[in-house]
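Worksheet: one structure, shown below.
The values are calculated or read from the model by the stated rules, or taken from the named source; none is laboratory data. Remember, it's a predicted structure, so these values are computed and weren't measured experimentally. Glycine gets a Cβ as well: all are built from the backbone with ideal geometry, and neighbour counts include every protein chain shown.
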Amino acid sequence: MEVKFSVYDFKDIMKICGSVTATTEKDKPRCQYIDLYFDPADHSCTACGCNGYQLSTVKVRCEYRDIPFDYHLLIPPMKVVPRTKTVKINIDEDGYSVAFIDEDEDILKAVSSPFTDVEPMDYKALISSMRTHIEKYNHGEGAYCICVNPRYLITALESLKSCDSVYLNFSDRVHAFTVRPGDDSVAAEAFILPVRHA
């Protein structure tokens with residue numbers, strides 16, 4: 001079995017799911033891997049990463065050969081080698097290998113690994129349950145929806161990353177919301193204005 005990703009799609013998987021998975025505590029082995037599952041109908045791969053508190057998912061295009069429907073492959077987060085153009089995963093009965101390939105089709109680096117013995121989480125059921133709860137309100141937008149510039153939210157959260165937790169307090173969908181520490185470690189507060197969305 002073989003799967004081939006463009007470097008951009010593989011980087012999206014690592015950025016969106018790998019960054020979450022990389023923050024998993026050691027006592028949660030199922031969350032230390034990115035779950036890749038495949039849909040032959042539209043040549044796509046859905047990746048899920050979870051650390052027990054946050055779940056992120058992304059669907060990307062890929063090319064593959066001999067992958068059965070709804071096949072799951074658990075891989076750890078990994079850095080993409082510079083000058084990579086495509087990423088190819090070969091799967092056999094003993095495990096898998098990830099090859100980083102340049103534009104001349106030369107292998108820059110290859111990493112082989114046996115399969116992990118942990119069972120993947122049932123992300124489809126988990127996501128379905130969360131969506132059902134949100135979709136009870138306002139045609140799927142939740143009780144109310146706030147649109148925010150992600151750079152502002154990231155900046156506010158990064159300034160409080162020494163805290164164990166943060167509070168996000170909302171009054172309504174058009175006024176500023178606050179981001180503040182969940183403890184007394186620092187006396188800080190950020191106010192972020194929502195942006196208009198269509």
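See the values below:
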| item | result |
| --- | --- |
| Test: residue in region 130-140 that is closer than 21 Å to Cys17 by Cα and modelled with pLDDT of 90 or more | no |
| Those residues of region 156-175 which are at pLDDT 90 or above and more than 26 Å from Glu25 (Cβ to Cβ), in sequence order | Asn169 |
| Selection count where residues are over 16 Å from Phe10 (Cβ atoms) and hydrophobic (A, V, I, L, M, F, W, C), scope region 95-115 | 1 |
| Region 22-45, subset surrounded by fewer than 19 Cβ atoms within 10 Å (Cβ to Cβ) and polar (S, T, N, Q), residue modelled with the lowest pLDDT | Thr23 |
| Which numbered condition Ser19 fails, given (1) over 22 Å from Gly95 (Cα atoms); (2) surrounded by 15 or more Cβ atoms within 10 Å (Cβ to Cβ); (3) in contact (Cβ under 8 Å) with a residue 40 or more places away in the chain | (2) |
| All positions within region 180-198 that are aliphatic (A, V, I, L, M) and part of a strand (DSSP E or B) | Ala190, Ile192 |
| Those residues of region 104-124 which are in contact with a Gly (Cβ under 8 Å, 6 or more places away or on another chain) and farther than 16 Å from Lys79 by Cβ, in sequence order | Ser112, Pro114, Phe115 |
| One residue from Ile127, Ile101 being under 30 Å from Leu193 (Cα atoms) and in the same structural domain as Thr23 (by TED's automatic domain parsing) | Ile127 |
| Filter pass, Glu105 being exposed (fewer than 13 other Cβ atoms within 10 Å of the Cβ) and more than 21 Å from the chain's Cα centre (by Cα) | yes |
| Filter result (surrounded by 13 or more Cβ atoms within 10 Å (Cβ to Cβ), over 13 Å from Val186 (Cβ atoms) and either β-branched (Val, Ile, Thr) or touching a residue at least 40 places away in the same chain (Cβ under 8 Å) (or both)) within region 151-168 | Tyr152, Thr155 |
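Rundown of residues vs (1) without any contact (Cβ under 8 Å) to a residue 24 or more places away in the chain; (2) on the phi < 0 side of the Ramachandran plot, yes/no style:
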{"residue": "Ser6", "(1), (2)": "no, yes"}
{"residue": "Asp39", "(1), (2)": "no, yes"}
{"residue": "Ser44", "(1), (2)": "yes, yes"}
{"residue": "Gly52", "(1), (2)": "no, no"}
{"residue": "Phe69", "(1), (2)": "no, yes"}
{"residue": "Leu73", "(1), (2)": "no, yes"}
{"residue": "Pro76", "(1), (2)": "no, yes"}
{"residue": "Arg83", "(1), (2)": "no, no"}
{"residue": "Asp92", "(1), (2)": "no, yes"}
